[in-house]
Amino acid sequence: MNAKGETKVKTTDIDKFKVQSILETIPFNEKITQIQLHPNLTKGPLPSKAVDVMSQWYSQHEQSPYPSRKLRDSMAKQGGIHEQQVKTWFCNKRNRTLNTKTKRRKRSDSITIEKQKMVDHIMNMSSDTVQFPAGLSRMLQDYVVDALQNHISSNQLYSHAAKYFASRKDQQPQITQTNSTNGISGDVLDNFAGANKHRRQSVWGGTPDPNRDLSDQEIEKSPKVNEKLCKMVKEHVIYVGDDPALVEQFVKYLAPRDVKKDEEVIRQGDEGDYFYCVENGKFDVLVNNKKVFELDNKGCFGEIALLYSQPRTATVKATTSGRVWQMSRDVFSTLTVSFAMNQREKYMKFIKKVDFISDFISRGWLSENKLQDLADALRPIYYDPEQIVLQQGDDQVNEMYFVEEGKVKATRKEQDGREKQLKIYEAGTYFGELALLENKPRYATLQALEKCRLAALDAKSFENLLGTELKTKLRQHVETLYTKGGTK
């Protein structure tokens with residue numbers, strides 16, 4: 001990574017895990033991406049026997065020219081090649097057919113060909129260096145999320161993109177750091193280890209019905225197992241783990257599955273069909289047949305393939321017998337979409353009542369899209385009576401807070417040692433914003449007076465959503481409402 005935060009890699013080293021997060025969010029032909037993401041296993045032409053076997057099958061199945069994994073394994077064995085080469089051959093074959101048909105289509109479809117040429121050009125620069133701007137992956141993912149959540153049709157994609165990016169031209173990208181010890185990005189580890197529990201954006205494959213009745217899918221569990229599953233789901237599943245009630249509801253639909261030693265629970269490159277929580281047993285996480293992680297009697301995996309409709313990014317193999325609890329793609333998607341929609345609706349109503357947001361809306365400074373982004377970025381946090389929310393002098397300034405339920409007391413210790421009460425925050429109020437605006441240590445200590453539910457807005461989202469102009473307006477707004485330091 002250079003001084004600008006940009007990552008450089010040689011294209012000869014590019015594989016699925018280094019470019020997938022960049023390319024798979026671009027809404028163009030999925031199989032073009034899949035072709036380019038798989039590195040060639042051999043140089044030169046394939047054996048004629050292998051080509052004959054694949055060509056024969058292709059000619060007999062032109063309506064659905066893509067064989068199953070089992071058939072690909074069989075063809076690979078007959079032709080004396082690797083299954084991955086079979087998969088690549090069929091992808092290329094199908095896309096050549098697609099491109100022939102595309103030439104007869106309208107200009108909008110011709111853009112797909114240009115994108116394929118772009119990818120081909122990048123992947124064929126074997127001796128040059130491809131430069132991926134920092135934050136590009138997150139930017140593209142955020143746009144895809146917005147397009148899906150707003151039900152944008154195919155003929156609206158480009159006009160919507162123009163409005164979307166124009167409204168965010170002053171924002172700064174969110175940059176994913178790379179783990180230099182193994183060359184694998186943090187997001188890749190998240191894909192199978194669930195390490196980033198506060199990831200706020202997601203993409204759902206298919207069209208799940210958030211109103212679907214799932215009562216017939218509920219599985220009874222012992223209190224001990226239920227508690228363990230709740231703890232894991234809380235740590236790993238977005239839109240669920242932040243709310244204890246949602247965690248309990250989610251866990252109801254997990255079903256048991258016994259696993260034998262050496263069994264592959266998921267396989268790298270396969271389509272995702274289940275999400276898993278480990279009750280007991282040990283499991284190796286393998287990327288390109290290399291062990292990169294171990295799940296030891298706990299952990300979750302498989303959610304990313306379901307959320308993002310992408311192939312499995314790793315293989316998870318049992319090294320002992322054990323038990324996992326699984327949830328099918330359709331149930332998982334139904335629950336997460338339902339939870340996300342309900343949370344957005346609830347927060348949209350809530351934030352419109354907050355004074356500075358209400359004022360910004362009335363002045364036309366906050367669009368509906370910005371409000372939706374703000375609602376999506378909020379994260380619920382729970383505090384017990386007398387629990388400290390913020391500590392005076394703390395320089396870890398990474399969030400501001402909105403009070404949803406309960407009361408929070410702000411106090412400050414003066415130079416003479418006396419403690420002065422500054423303010424009581426109740427539902428609909430907020431605090432911590434001035435520390436973010438000024439990037440200074442916390443001015444006061446904030447303590448819950450009763451059970452509280454707060455909505456936290458992290459510093460990166462605060463920066464991206466407001467931008468320079470709105471931050472200036474917010475600073476002016478709060479200075480007219482509070483005494484100096486009142487909300488620090």
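The values are calculated or read from the model by the stated rules, or taken from the named source; none is laboratory data. Only a predicted model underlies this, so the values are computations on that prediction, with no experimental measurement involved. Counting neighbours? That spans all protein chains shown, and the Cβs are built from the backbone with ideal geometry, glycine included.
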Those helices (runs of 4 or more DSSP H) lying entirely in region 181-276 with at least 2 residues among the aliphatic types (A, V, I, L, M) and at pLDDT 80 or above: 223-236, 244-251
Among residues of region 361-408, those that are within 24 Å of Phe165 (Cα to Cα) and in contact with a strand residue (DSSP E or B) (Cβ under 8 Å, 6 or more places away or on another chain), counted: 3
Residues located in region 267-293, provided they are of a type in the set (A, V, I, L, M) and touching a Cys at 6+ places or on another chain (Cβ under 9 Å): Val278
Of the criteria (1) at negative phi; (2) over 24 Å from the mean Cα position of the chain (by Cα); (3) outside any helix (DSSP H, G or I); (4) not aromatic (Phe, Trp, Tyr), which one Pro380 fails: (2)
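Here is a list: Glu386, Glu404. Which entry is in a loop (DSSP other than H, G, I, E, B), over 30 Å from Glu218 (Cα atoms) and at pLDDT 90 or above?
Being in a loop (DSSP other than H, G, I, E, B), over 30 Å from Glu218 (Cα atoms) and at pLDDT 90 or above holds for just one of Glu386, Glu404, which is Glu386.
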Filter pass, Ile357 being in the same structural domain as Ala459 (by TED's automatic domain parsing) and in contact (Cβ under 8 Å) with a residue 24 or more places away in the chain: no
Test: residue in region 323-346 that is in contact with a His (Cβ under 6 Å, 6 or more places away or on another chain), in contact (Cβ under 8 Å) with a residue 12 or more places away in the chain, crowded, with 22+ Cβ neighbours inside 10 Å and within 30 Å of Ile266 (Cα to Cα): no
Residues located in region 277-288, provided they are assigned to a loop (DSSP other than H, G, I, E, B) and under 14 Å from Pro311 (Cα atoms): Asn288
Single unsatisfied condition, Ile424 versus (1) over 28 Å from the mean Cα position of the chain (by Cα); (2) under 26 Å from Gln372 (Cβ atoms): (2)
